[in-house]
């Protein structure tokens, strides 16, 4: 008998790790996964910040734990995986949302230090976490890796050249994961948000002239909210997307049409 559509979104019994989850898109994704039944490990650099998010989820009757980790540090990533296993017994879903962009400038004005930092967090970090989670997901019959890239990874955006390059690398890295890990039951997909109302992108949407010009070009005529990305992440984590892997999903209001 065909599985009911509602059941395809059930995440009860699943364990999810969400990085960059102390605010914005990551926090919304963590809440979304928890509301559909997952046990969620909320992770970001500062323990106090992630504990506040996890506490808010628990207050609403959801299962969540807080584990601070800097994804640019391989040792911290290893400890994040170890603590997750100690808390919940395994990993079924990895959401690589943590990212940095320390520079907003033309390529000729950025230095090697900025490049190293961006690549360490935006590319090496997601790979390190996904690789460490791989045997755990495989042992549980499969899993889902959801990488959060950006429309800047699809087409260059002025003054975001290094950030865009890192996000383009993450898109291709996701496709490589999908191709190599599919026979292990592990799916990998990537979300490319457009302009979302978060602290990370505040310099763009808080500038009225920049925002006005952007909205005139955007088919939906508004910028996104974190929940616009969270719903897509829940779909990619859940059995509803069980035939999706290696795919690039945009949540950009039509910016990349």
For the residues 73, 207, what sequence is obtained by ranking on other C-beta atoms within 10 Å, fewest first?
207, 73
Taking only Cα atoms and a 10 Å spring cutoff, compute GNM fluctuations for the chain and point out the largest among 23, 209, 117.
209
What does the helix-only formula give at 222 nm for the chain: each DSSP H stretch with n ≥ 4 adding -39500 (n - 2.57), the total divided by the residues, and the result rounded to the nearest 500 deg cm²/dmol?
-13500 deg cm²/dmol
Rounded to the nearest 10 degrees, what's the angle between the helix 226-237 long axis and the longest principal axis of the chain, both from Cα atoms, 0 to 90?
40 degrees
Looking only at 210, 145, 229, which one moves most when the chain is put into a Gaussian network model with springs between Cα atoms under 10 Å?
210
Please report how far the C-alpha centroid of the range 192-241 lies from that of the range 28-54, rounded to the nearest whole angstrom.
20 Å
For 205, 181, ascending order of other Cβ atoms within 10 Å (fewest first) is 205, 181
Answer label for mean projected area of the Cα convex hull in nm² (calculated), chosen among (i) 14.2; (ii) 16.4; (iii) 18.8
(i)
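If we count other beta carbons within 10 Å of each Cβ, what is the order of 154, 196, 171, fewest first?
Ascending number of Cβ neighbours within 10 Å: 171, 154, 196.
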P(r) for the range 96-141: what percent of alpha-carbon pairs falls in each 5 Å bin, starting at zero?
5, 20, 20, 16, 13, 9, 6, 5, 4, 1
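Bear in mind that the values in this text are calculations on the coordinates, not laboratory data. Remember, predicted model here, so these are calculated numbers, not experimental data. All Cβ positions, even for glycine, are placed from backbone atoms using ideal geometry, and neighbour counts span all protein chains on display.
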